[in-house]
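Read through the structure below, which is laid out as structure tokens, and then see the notes.
The values are calculated or read from the model by the stated rules, or taken from the named source; none is laboratory data. Owing to the predicted nature of the structure, the values given are computational and were not obtained by experimental measurement. A quick note on method: Cβ atoms are made from the backbone with ideal geometry, for glycine too, and the neighbour counts reach across all protein chains shown. Protein only, heavy atoms only, side chains kept; ligands, DNA and RNA dropped before computing areas. Shrake-Rupley method; radii C 1.70, N 1.55, O 1.52, S 1.80 Å.
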Amino acid sequence: MDGGGLIFGLMGGRQQAVTAGTIGDDEEHPHVENEMMIDEEQPVLEAQTSKAVEELKSTVQYQVTALRELRRLLSKSEFPPIEAALSAGAVPLLVQCLSFGSPDEQLLESAWCLTNIAAGKPEETKALLPALPLLIAHLGGLKKLSAEQCSWAIGNVAGEGEDLRNVLLSQGALPPLARMIFPDKGSTVRTAAWALSNLIKGPESKAAAQLVRVDGMVDAILRHLKKSDEEIATEIAWIVVYLSALSDIATSMLLKGGILQLLVERLATSNSLQLLIPVLRSLGNFVSVDPKAMLAILIGGKNTEDTDIPDQIPESVTGVLAKCLRSEHRVLKKEAAWVLSNIAAGSIEHKRMIHSTEAMSLLIGLLSTSPFDIRKEVAYVLGSLCVESAEGDTKPKIIQEQLVSIVSGGCLPGFINLVRSPDIEAARLGLQFIELVLRGMPNGEGSKIVEGEDGIDAMERFQFHENEELGVIANSLVDKYFGEDYGINE
């Protein structure tokens, strides 16, 4: 495009990784006693918490009772009295209660208290540093409930930030946590998988690469994606999101194991929003880094020459993505459009396959009717389908047949609306598509089509725009295609 950088036609896709979140209260815990949570006044709650810590200090015989009361208080209200517990000296006492040889219920209750403290403010989470070695040590223990609770606490700590993740990794948290997902089922597997996804989320790739080198880890991930219930599969899929976004080694190992087939199967068979989001995100990440993988998932069930990619992918991914584009959930529409944009950034074969599917009519409709964030993702797809992939700043060659088809489908008004958007990236996408229409439509029809949709007016708003780059692009298009000689022969 004259005067500006290109987006459509660049080789390769865009990767994403999103935080998996933290679990800090009792709401979803498998061992919660269904207690009635009644919010007291905060000062009263804080006073009760300080008293509970003092009772924990003074009692030996009834430590479990005192721990249970402290855990109950830390589980109350939207704003649990974590600061009061810390000020009263709870953490050193809870660390003592985690000592090896302690009764099972004492281990569970103390780990549970630490879990809730770890879900507090950043400075409150950091107060758990003295407890981390024992929390990690109990991950490999035979006491299943306390091991699960310790993994939950570690997941909350890991979710707080990179510095705390690095501390956990340096203290050896990853291998025992990884081994906890090896069993076929159970809440422990789900909790450990969630904690593991928080631990490897980066931005450094070292932890992701370390994880896939744990013996049996790749097989466990693939097995859970294939056979496990949707709750476990959801947490495993988040692990895959981070592995595929951060580690080339992990990406290669998972592709060789046949993960694409499993992801497409989950997309085709599940209606769980919680599962579909990380599955879509993982699929898009794989697509963005492996062109052969892109072709394999587009050709549903057909053989490829690449021995690393299985033959029997059950359904063309475009059909499954079309299902997501039709969903009532906007996040699924956006994620599906993002995956398609990564596929559309591939070879001309990829572009032609997408263009020939039912996804096209859905995409064109979404460009006009969807919320802004979805329209922007759809614009990436449609624009990329109109040009051959190019490297660097080379102007991409237009695929005229597909450009004509997409413009005839009624997408130009949607792109012109993006030009009018205050979002700079969206405006650039709109201008780039207008350039394709002006340059690529046969018989010079592009100028008339753009003018008929008020495209000149949309571009002229950039005449004195604060963004110099977009101003140069827009003004050069107006001068080149709508200059003094425009319409003179008519």
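Quick look at the numbers
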read-out	value
37 °C / 0.692 mPa s Stokes-Einstein diffusion coefficient of the range 410-489, Kirkwood radius on C-alpha pairs, µm²/s	264
The range 410-489, relative contact order [Cα under 8 Å, separation at least 6], %	24
Cβ crowding within 10 Å averaged over residues, with 240-249, 42-51 ranked highest first	240-249, 42-51
Shape of the range 104-182, Cα gyration tensor, a/c cut at 1.5	oblate
Alpha carbon centroid spacing (whole Å) that separates the range 195-240 from the range 390-453	41
Within the accessible area of the range 217-260 (1.4 Å probe), percent carbon and sulfur	46
Solvent-accessible area, 1.4 Å probe, carbon plus sulfur percent, for the range 37-158	58
Which listed pairs, of Lys76/Lys201; Lys334/Lys448; Lys185/Lys334; Lys227/Lys323, have C-alpha distances above 25 Å, in listed order	Lys76/Lys201; Lys334/Lys448; Lys185/Lys334
